[in-house]
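Below you'll find the structure, written out as structure tokens, and then a few comments.
The values are calculated or read from the model by the stated rules, or taken from the named source; none is laboratory data. Keep in mind that this is a model prediction, so the values were computed, not measured. Cβ atoms come from the backbone with ideal geometry, glycine included; neighbour counts cover every protein chain shown.
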2 protein chains.
Amino acid sequence: MDGKHVVAGVYCAAATPLQANGDPDLALFADHCRHLIDQGCHGIALLGTTGEANSFSQNERRAILESALAAGIAPDRLMPGTGVAAIPETVALTRHALSLGVTKVVMLPPFYYNGVSDEGLYAAYSQIIEKTGDDRLKVILYHIPQVSGIPLSMPLVKRLAAAFPGTVVGIKDSAGDLANMQAIVKELPHFSVLAGADPLLLPLLQSGGAGCITATSNLVANSLRFIFDHVWDAERAAEIEAAQARINAYRTLSNAYVQIPTVKAMIALRTGEEAWFRTRAPLLPLNESERADLAAKFAALP
Amino acid sequence: MDGKHVVAGVYCAAATPLQANGDPDLALFADHCRHLIDQGCHGIALLGTTGEANSFSQNERRAILESALAAGIAPDRLMPGTGVAAIPETVALTRHALSLGVTKVVMLPPFYYNGVSDEGLYAAYSQIIEKTGDDRLKVILYHIPQVSGIPLSMPLVKRLAAAFPGTVVGIKDSAGDLANMQAIVKELPHFSVLAGADPLLLPLLQSGGAGCITATSNLVANSLRFIFDHVWDAERAAEIEAAQARINAYRTLSNAYVQIPTVKAMIALRTGEEAWFRTRAPLLPLNESERADLAAKFAALP
């Protein structure tokens with residue numbers, strides 16, 4: 001994408017709409033994937049935290065990925081989450097993606113136990129890669145300690161990148177600490193450091209980062225793409241600033257209530273589709289008063 | 001068991017041995033289950049945190065439960081963990097247990113997201129119970145916030161017990177706070193409060209609790225059973241004290257290194273079976289020097 005990184009660009013941490021019975025709404029999900037590409041996303045990081053991946057069964061996850069392909073999204077634009085608590089299931093999901101020609105995945109470490117050692121996490125990732133056994137595989141490590149409970153330390157990241165060159169190619173850093181992302185870029189200049197938080201896309205790109213995987217890109221992918229495309233264009237500074245202000249306004253509103261249900265509700269407000277208001281337990285949809293409040297504020301966004 | 005609680009007694013949070021290739025060693029696991037019953041366990045709470053359940057695939061979990069039944073353990077003495085991150089898979093594992101006549105399960109809440117609301121956890125548990133759709137089901141809630149990230153609050157526990165009488169029948173409290181367990185007993189006298197920590201069995205029983213589900217019972221089930229049987233027998237006070245001292249000595253040693261691999265290593269030292277030294281990543285087995293140190297200290301235990 002940028003000639004320097006294996007994975008670069010604006011990736012959407014796509015949310016997942018649900019039917020009234022709680023099943024994923026695959027037709028609406030396919031529509032959403034096409035919309036995200038139309039809006040300028042380089043790719044779709046489906047089945048992540050925002051996508052409620054870990055609330056879906058293995059079979060549901062497979063069906064969700066297959067629906068994106070059936071919608072005509074090219075395999076190389078899809079980057080599903082495949083990391084679960086049990087290594088055999090992570091391997092199975094990763095091999096399923098590869099069997100469809102989808103070679104890039106975002107991989108959580110096994111996330112049930114916490115306080116585990118770097119040595120244990122290294123063992124987990126290396127076993128997964130070896131058991132998957134496919135040279136096409138490109139792994140984006142997933143650092144989201146505030147949810148997973150598992151920080152991925154700099155020594156671990158460096159060790160995995162060195163042990164699996166061409167396979168462990170990047171990291172999604174959702175901890176929100178720009179300094180950590182910059183430090184990884186400095187240590188591993190060709191490693192794809194992808195920001196998990198929208199306001200960090202611009203400063204991370206300016207520091208040599210590769211792009212972003214964010215929740216707000218469900219709503220403002222075009223503004224994120226504008227920043228990505230024009231980051232080095234001094235004449236566009238005012239437009240970049242305006243794009244960033246728009247992104248930040250959406251992001252701020254998405255944190256008015258619990259973030260994932262709120263992002264989904266904002267997609268519902270854009271599309272008029274009730275399926276986007278729904279969530280899988282333990283996440284709950286916004287209640288009526290939250291919906292009304294959000295709708296009023298959403299209508300006033302830039 | 002005690003005439004007051006649906007589930008009462010000494011349950012072992014059974015560990016799971018592994019073959020050299022990492023697969024569960026079902027034959028040794030069956031031996032261990034028979035040994036635990038011989039040692040006085042009322043039942044076996046297999047596939048919990050100590051059992052590394054969440055490091056096994058759904059199919060491996062099924063095979064582990066089936067191996068215990070094939071070993072001749074009565075279904076009503078087995079209490080597998082069935083709670084995983086995705087509700088459809090929790091339902092599938094719970095239904096599998098029921099299909100084998102195993103009606104009691106220990107159920108984690110969906111554990112990927114944290115900071116979720118009591119309302120969201122209530123929705124999760126009630127959906128699981130309703131979708132399982134089997135009146136025989138007896139659920140022990142699993143409160144282990146230091147691992148799962150999800151505390152089960154008193155209002156949530158009371159609400160679930162009231163909404164599903166005869167189904168939500170107890171709680172495994174692994175947070176180690178005796179006052180919390182006593183408070184639940186006081187609020188819900190017929191609810192089975194089971195201590196997750198061995199030193200708390202005696203004071204919890206004295207407070208009206210139902211028993212325990214502990215890791216150290218892999219090693220000293222007979223002493224725990226002695227305490228359970230004689231808790232109200234003043235003439236046995238010295239023997240109870242000795243039993244508790246023995247339990248505490250094993251428990252203290254099991255915390256010399258990371259607990260689960262250490263408990264497994266202690267079973268390995270008892271049985272001479274290398275399979276018990278092994279763990280699933282991200283947990284790692286003890287290294288050589290830890291093994292040597294542990295062996296020396298293990299030999300000196302009462």
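Let me confirm something: among B:Ala63, B:Ala53, B:Ala68, which residue is more than 21 Å from B:Ile171 (Cβ to Cβ), in contact with a helix residue (DSSP H, G or I) (Cβ under 7 Å, 6 or more places away or on another chain) and crowded, with 20+ Cβ neighbours inside 10 Å?
Being more than 21 Å from B:Ile171 (Cβ to Cβ), in contact with a helix residue (DSSP H, G or I) (Cβ under 7 Å, 6 or more places away or on another chain) and crowded, with 20+ Cβ neighbours inside 10 Å holds for just one of B:Ala63, B:Ala53, B:Ala68, which is B:Ala68.
Evaluate the following for A:Pro109: is it at the interface with chain B (Cβ under 10 Å from one of its Cβ atoms) and either modelled with pLDDT of 95 or more or over 25 Å from A:Gly211 (Cα atoms) (or both)?
Against the criterion (at the interface with chain B (Cβ under 10 Å from one of its Cβ atoms) and either modelled with pLDDT of 95 or more or over 25 Å from A:Gly211 (Cα atoms) (or both)), A:Pro109 qualifies.
I'm told A:Met181 meets every condition in (1) surrounded by 21 or more Cβ atoms within 10 Å (Cβ to Cβ); (2) over 18 Å from A:Gly9 (Cβ atoms) except one. Can you identify the failing condition by its number?
Against the list (1) surrounded by 21 or more Cβ atoms within 10 Å (Cβ to Cβ); (2) over 18 Å from A:Gly9 (Cβ atoms), A:Met181 comes up short only on (2).
Give all pairs with beta carbons closer than 6 Å in which a residue from region A:23-49 that is under 19 Å from A:Ile260 (Cβ atoms) meets a residue that is of a type in the set (Phe, Trp, Tyr) and not in a helix (DSSP H, G or I); count only pairs at least 6 apart in sequence or on separate chains.
A:Ala45/A:Tyr11
Being part of a helix (DSSP H, G or I) and closer than 30 Å to A:Ala124 by Cα, is that true of even one residue in region B:219-232?
Yes, that holds for at least one residue.
Could you tell me how many of the residues in region A:43-64 are within 13 Å of another protein chain (Cβ to nearest Cβ), closer than 14 Å to A:Asp25 by Cβ and of a type in the set (A, V, I, L, M, F, W, C)?
Selection size over region A:43-64: 3.
Any residue that is at the interface with chain B (Cβ under 8 Å from one of its Cβ atoms), touching a Leu at 6+ places or on another chain (Cβ under 9 Å), in contact (Cβ under 8 Å) with a residue 24 or more places away in the chain and of a type in the set (Val, Ile, Thr) - is there at least one of those in region A:160-167?
Among the residues of region A:160-167, not one is at the interface with chain B (Cβ under 8 Å from one of its Cβ atoms), touching a Leu at 6+ places or on another chain (Cβ under 9 Å), in contact (Cβ under 8 Å) with a residue 24 or more places away in the chain and of a type in the set (Val, Ile, Thr), which makes the answer no.
Tell me, yes or no, whether region B:145-152 has at least one residue that is away from every other protein chain (no Cβ under 14 Å) and free of Cβ contacts under 8 Å to residues at least 40 places away in the same chain.
No, the conditions are met nowhere in region B:145-152.
Look at region B:277-301 and say how many of its residues are more than 13 Å from chain A (Cβ to nearest Cβ) and not basic (Lys, Arg).
Number satisfying all stated conditions: 12.
Checking the condition assigned to a strand (DSSP E or B) and not small (Gly, Ala, Ser), which residue from B:Val157, B:Val169, B:Val147, B:Val185 passes?
Testing whether each residue is assigned to a strand (DSSP E or B) and not small (Gly, Ala, Ser) leaves just B:Val169.
Take the residues in region B:89-141 that are outside any helix (DSSP H, G or I) and among the charged types (D, E, K, R), then tell me which one is surrounded by the fewest Cβ atoms within 10 Å (Cβ to Cβ).
Among residues in region B:89-141 that are outside any helix (DSSP H, G or I) and among the charged types (D, E, K, R), the one surrounded by the fewest Cβ atoms within 10 Å (Cβ to Cβ) is B:Asp135.
So if I check each of B:Ile260, B:Ile267, B:Ile247, which one is part of a helix (DSSP H, G or I), within 14 Å of chain A (Cβ to nearest Cβ), on the phi < 0 side of the Ramachandran plot and hydrophobic (A, V, I, L, M, F, W, C)?
Answer to the check: B:Ile260.
Can you tell me how many residues within region A:76-94 are within 13 Å of chain B (Cβ to nearest Cβ) and either without any contact (Cβ under 8 Å) to a residue 60 or more places away in the chain or of a type in the set (A, V, I, L, M) (or both)?
So the answer is 11.
Please go through region B:263-279 and pick out each residue that is closer than 19 Å to B:Asn54 by Cβ and within 18 Å of the chain's Cα centre (by Cα).
Selection gives B:Val263, B:Lys264, B:Thr279.
Can you name the residue in region A:188-218 that is part of a strand (DSSP E or B), in contact (Cβ under 8 Å) with a residue 24 or more places away in the chain and in contact with a Leu (Cβ under 9 Å, 6 or more places away or on another chain) and, of all such residues, is farthest from A:Leu36 (Cα to Cα)?
The extreme case among them is A:Leu194.
Criterion first (more than 14 Å from chain A (Cβ to nearest Cβ), touching a residue at least 40 places away in the same chain (Cβ under 8 Å) and of a type in the set (Ser, Thr, Tyr)) does B:Ser67 satisfy it?
yes
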